[in-house]
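Here's the structure we're looking at; comments come further down.
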Amino acid sequence: MDYLTGCAPKKFILRFFKCLIKNMTKKIVTFTMSLKQSQFEVDRLETEARNLGIEVNRALYRELSFDLKDGGARVFVRGEELTAENTMGLWFRVAGTKSGKYTEARNLAIRILRNKGIFCVNEKGYLEWARMGKISQHGVFLENDIPIVPTRIYYTKEQITDISLAEKMGKWEFPVIAKHEKGYQGKSVRKFDSWKQEEKFVNKINEKNLGMFLWQKCLPTRWDIRVVIVDGKAIGGMKRSAVGEEFRSNFSLGGAVEVWNLSEEEKNLAEKVARVCGLDYGGVDIMKDENDKNYILEVNRQCQFQGFEKATGINVAKMVVEMVRKRA
């Protein structure tokens with residue numbers, strides 16, 4: 001401050017406005033496999049970011065490219081380098097492909113950009129588990145004393161069909177739930193009320209793919225709780241209930257949704273799951289048995305939130321933008 005004139009020096013004013021302009025031009029970059037993937041979530045993010053004066057750069061994974069060299073690795077989107085000066089943070093949607101090339105691209109971008117001071121949502125979890133399928137999750141849950149639904153995994157048909165082998169694991173009561181380890185939105189989940197039904201399904205599976213399925217006790221409740229995590233904290237809960245003959249409660253499959261007031265136990269459990277799985281953002285699914293005991297079904301690192309916002313009135317998109325801005 002110039003104490004004779006009461007005015008700030010010109011250099012200070014110029015530096016202030018340069019800094020202001022730089023922050024205003026920083027963008028949040030979102031990555032999807034296609035423009036249709038996660039369209040609701042990305043549209044909502046764009047709207048809330050715009051309301052806060054922040055621009056969202058919607059990019060496809062295939063638009064990434066890299067220049068790798070000692071001491072100067074760079075990440076590009078459509079030919080423009082992502083730098084700390086123009087990028088506030090990165091938010092990833094599902095990057096799964098059969099080849100795994102885009103999960104590798106996502107993690108390479110994280111490794112390069114976090115060293116440049118750019119916040120990448122869920123970076124810790126992505127780097128520890130490039131693909132966190134349901135089987136990997138169950139291993140993490142068991143290791144950290146997180147309650148799971150009784151589950152079995154088999155690798156040969158004989159392990160299921162040979163009664164003497166099956167009984168060594170103990171009695172297995174019906175109904176039984178089978179789900180693919182890479183399934184999503186409940187699409188791979190099946191319910192069997194008898195051995196005959198299960199055997200028919202097993203015989204249709206190519207044995208080399210059998211180890212991709214989890215076989216679980218079917219809990220009597222027809223509903224579960226989706227907890228959404230933002231910045232590592234549980235921001236609210238949604239009860240999802242199966243409708244009619246459908247036993248799955250997923251919103252995408254027509255499940256009814258309503259707000260759920262989280263207990264301290266549910267909140268603490270969801271946040272513990274997020275912590276051990278390295279999640280800044282995600283969904284944690286909790287199911288209860290007839291004795292009200294909590295079980296963790298799974299986590300979703302890129303969970304959708306259309307049903308959650310509808311049920312709870314919580315502005316998830318705005319909270320994600322605020323998280324990225326705070327961590328930038």
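The values are calculated or read from the model by the stated rules, or taken from the named source; none is laboratory data. Owing to the predicted nature of the structure, the values given are computational and were not obtained by experimental measurement. Ideal geometry is used to build each Cβ from the backbone, glycine not excepted, and the neighbour counts take in all protein chains shown.
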For A49, state whether it is over 12 Å from F31 (Cβ atoms), exposed (fewer than 15 other Cβ atoms within 10 Å of the Cβ) and in contact with a helix residue (DSSP H, G or I) (Cβ under 6 Å, 6 or more places away or on another chain). no
Considering only residues that are among the hydrophobic types (A, V, I, L, M, F, W, C), under 16 Å from V189 (Cβ atoms) and in a loop (DSSP other than H, G, I, E, B), which ones fall in region 164-178? F174
Residues of region 32-88 being in contact (Cβ under 8 Å) with a residue 12 or more places away in the chain and at positive phi, which ones? S38, G53, R78, G79
The one condition Q306 fails out of (1) under 21 Å from T151 (Cβ atoms); (2) surrounded by fewer than 21 Cβ atoms within 10 Å (Cβ to Cβ) is (1)
Residue count, region 183-209 (criterion: closer than 24 Å to Q137 by Cα, touching a Lys or Arg at 6+ places or on another chain (Cβ under 7 Å) and not hydroxyl-bearing (S, T, Y)): 4
Meets criteria (at pLDDT 95 or above and out of contact with any strand residue (DSSP E or B) (no Cβ under 8 Å at 6 or more places or on another chain)) for D231: no
Sort out which residues of region 255-291 are of a type in the set (G, A, S), part of a strand (DSSP E or B) and surrounded by fewer than 17 Cβ atoms within 10 Å (Cβ to Cβ), and write them in order of number. A256
Test for E199: is it touching a helix residue (DSSP H, G or I) at 6+ places or on another chain (Cβ under 8 Å), exposed (fewer than 15 other Cβ atoms within 10 Å of the Cβ) and more than 29 Å from K288 (Cβ to Cβ): yes
Which of the residues spanning region 152-163 are surrounded by 13 or more Cβ atoms within 10 Å (Cβ to Cβ) and assigned to a helix (DSSP H, G or I)? K157, Q159, I160, T161
Inspect region 114-122 for any residue being surrounded by fewer than 13 Cβ atoms within 10 Å (Cβ to Cβ) and of a type in the set (S, T, N, Q) and give the result as yes or no. yes
